Amino acid sequence: MMDKIRKMILVVAMTFFIVTVTKGLVAAKPAEIDILPDSIDLVPGEYVDTTAHLYDMYCDGSSRTLTVSVESGNAGDLTFKVYDPNTGDTVGPMVGSISYTYTPVAGTTEYDITVKIKAATGTQGNEYELYYEDVQTGSWDTASATVYTTAIPEFATIALPLAATIGLFFFFNRRRRA
């Protein structure tokens, strides 16, 4: 009787082991994710493109979700849009974070998604840490973003020195003729 119980326990344990190993082999392989570039230069009021590059993945044709959020810094300063060059889909704009659900073709091993980021006006000099995550696998990557200003000179800053130079040219040219 004890022999039968041991055999039954062994059979159950072996079955459990085989099912566990087989399930592990069939499960989708987690994707790795890289943010390109990983150091982002933002300009207030202008969208700047980044790429979420998912690679080393196994897709079985089911949907996945990419989320992008602000990990450090004021989330309300940044607006996000997502563009999927594979399908032409666009999502957003959304302030502070964005989620995008997509369905790669079965067998896909790499997938790129464009994430557009815009900083609010008045945020020059601010720094942010951005968090990109493939929700289904838990793979993530971070990127740092700094807001720079593009100085556009006012009209007077250009016009006054130019007018002064032209005036001096005519002034010295007139003195030589006299």
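Which order do Met94, Met2, Met57 take by accessible area at a 1.4 Å probe, largest first?
Values: Met94 90, Met2 120, Met57 5 Å².
Greatest to least solvent exposure: Met2, Met94, Met57.
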* Asked: To one decimal place, what orientation-averaged projected area in nm² is obtained for the convex hull of the Cα set of region 85-174?
  -> 10.7 nm²
* Dipole magnitude (debye, nearest 20) for region 19-149, charges at Cβ of Lys, Arg, Asp, Glu -> 400 debye
* Structure fact -> Note, Val82: beta-carbon cut-off 12 Å, +1 each Lys/Arg, -1 each Asp/Glu, net -2
* Asked: Can you work out ³J(HN,Hα) from phi for every residue in region 127-135, in order, using Karplus 6.51 cos²θ - 1.76 cosθ + 1.60 and θ = phi - 60°, giving whole Hz and x for Gly and Pro?
  -> 10, 9, 10, 9, 10, 10, 9, 8, 4
* By how many nm would the segment from Gln136 to Ala120 lengthen if fully extended, with 0.36 nm per residue of separation less the alpha-carbon distance? -> 2.7 nm
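The values are calculated or read from the model by the stated rules, or taken from the named source; none is laboratory data. Bear in mind the structure is a predicted one, so any value in this text is a computation, not a measurement. FYI the Cβ positions are ideal-geometry reconstructions off the backbone, even for glycines, and counts take in every protein chain you see. The accessibility values were calculated without ligands, DNA or RNA, using every heavy atom of the protein model including side chains. Shrake-Rupley method; radii C 1.70, N 1.55, O 1.52, S 1.80 Å.
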